[in-house]
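Asker: Just passing along the structure, written as structure tokens.
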Amino acid sequence: MRILITGANGQLGHELQRVLGRHALISMALPEFDLLKPDVEAQVLTARPDVVFHAASYTDVDGAEREPDKAMAVNAEGTERVAKAVDKAGARLIYLSTDYVFDGRKTSPYIETDEPNPLNAYGRSKLEGERRALACCPNTLIVRSAWLYGAHGKNFVNTIMRLASEQPALRVVADQRGCPTHAGDLAVALARVLDMDMRGLVHATGAGDCTWYEFACAIVSLIGARVAVHPITTPETKCLALRPAYSVLDNRALAEAGIVLPHWKDALVRFLSSRTPVHALNQ
Ligand SMILES: NC(=O)c1ccc[n+]([C@@H]2O[C@H](COP(=O)([O-])OP(=O)(O)OC[C@H]3O[C@@H](n4cnc5c(N)ncnc54)[C@H](OP(=O)(O)O)[C@@H]3O)[C@@H](O)[C@H]2O)c1
């Protein structure tokens, strides 16, 4: 299969390239491949893909509050460009989206048919990207994930590991609950989706759920860092963007297809065991 990956330099992009290595891969990334530029369509068509994993995205949630037009241009208009090209190529589109399309008012996991209602500009731009992808390319699968982390890029796990080695105490938000997801596990699940004729929308996150505070405590404990972790509330974070208090995703559509991602704690243990040795942090 000829598989095109957008956002190849992002954390999921890296993992997709690693997991899909047996296929003919076409990796697209900034600056040559820019969703803001009209030549995106020609680039996709020239590559003659069978499948496009569209992982490129404006992902800075607080940044999107400052520049909502740019977030919309990248995530919605850029996705429309990609989707039109994928449709013209007669290929399949797999578009990565987010738990932040939901407002967090539910108290049980969100299923695929729940009504989205994003609280922030990032979520609105990703939801519009979903709509345009489906409208422009019927052979589209939207995959909503959450709280992604991997070896490459800026993410919560890497940040906590760094701060744990720099600061005596950490303050972490304890009133937002979601599903940490190892980008490598998501890439493996996406590779399995390739063999299935799935269209529409699925949720794909690590199993189980926790708050950011619980997630941070697990990281600190697993790396053996001597740092206190204090729970704080969302208003204390002074973040620009509103975030859902509860964005746990029910992965039932994927589970019905026989695909279940590992529990977030198991994934974290696996991830950290391949990272910095514990003693390095305590020196
Ligand atoms: N990270 C999460 O917690 C999370 C949660 C749920 C869903 N998702 C979704 O999962 C997908 C992959 O996320 P990720 O964590 O791998 O994100 P990431 O590491 O931020 O990767 C996204 C990539 O897109 C690139 N990009 C930004 N603007 C672009 C543009 N105008 N044209 C082309 N490429 C552009 C970025 O390049 P630069 O780095 O150079 O800007 C980056 O390499 C995204 O669709 C995201 O919305 C992520």
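Values in this text are rule-based calculations from the coordinates and carry no lab data. Computed from a predicted model, the values in this text were never measured in an experiment. Cβ sites come from the backbone with ideal geometry, for glycine too, and all protein chains shown count toward neighbours.
Asker: Scan the range 1-15 residue by residue and report those that are more than 9 Å from the ligand (Cβ to nearest atom) and either in contact with a helix residue (DSSP H, G or I) (Cβ under 6 Å, 6 or more places away or on another chain) or closer than 17 Å to Gly78 by Cα (or both).
Answerer: Leu4, Ile5
Asker: Further, regarding this structure: Mind listing whichever residues of the range 190-214 are surrounded by fewer than 23 Cβ atoms within 10 Å (Cβ to Cβ) and part of a helix (DSSP H, G or I)?
Answerer: Correct list: Ala191, Arg192, Val193, Tyr213, Glu214.
Asker: Being outside any helix (DSSP H, G or I), of a type outside the set (Lys, Arg) and touching a Ser or Thr at 6+ places or on another chain (Cβ under 7 Å) is true for just one of Leu30, Leu25, Leu36, Leu96. Which residue is that?
Answerer: Leu96
Asker: Please go through the range 41-66 and pick out each residue that is part of a helix (DSSP H, G or I) and either touching a residue at least 60 places away in the same chain (Cβ under 8 Å) or within 8 Å of the ligand (Cβ to nearest atom) (or both).
Answerer: Those that are part of a helix (DSSP H, G or I) and either touching a residue at least 60 places away in the same chain (Cβ under 8 Å) or within 8 Å of the ligand (Cβ to nearest atom) (or both): Val61, Asp62, Ala64, Glu65, Arg66.
Asker: Farther than 23 Å from Gln176 by Cβ, touching a residue at least 12 places away in the same chain (Cβ under 8 Å), in a helix (DSSP H, G or I) and acidic (Asp, Glu): does that describe Glu77?
Answerer: Yes, satisfied.
Asker: From (1) free of Cβ contacts under 8 Å to residues at least 24 places away in the same chain; (2) among the aliphatic types (A, V, I, L, M); (3) buried (at least 21 other Cβ atoms within 10 Å of the Cβ), pick out the condition that doesn't hold for Ala255.
Answerer: (3)
Asker: So Thr181 ticks every box in (1) touching a helix residue (DSSP H, G or I) at 6+ places or on another chain (Cβ under 6 Å); (2) crowded, with 24+ Cβ neighbours inside 10 Å; (3) not aliphatic (A, V, I, L, M) but one. Which box is left unticked?
Answerer: Only one criterion is unmet by Thr181, namely (1).
Asker: What single numbered condition from (1) among the hydroxyl-bearing types (Ser, Thr, Tyr); (2) over 19 Å from Arg199 (Cβ atoms); (3) touching a residue at least 12 places away in the same chain (Cβ under 8 Å) fails to hold for Tyr95?
Answerer: Result: Tyr95 fails condition (2) only.
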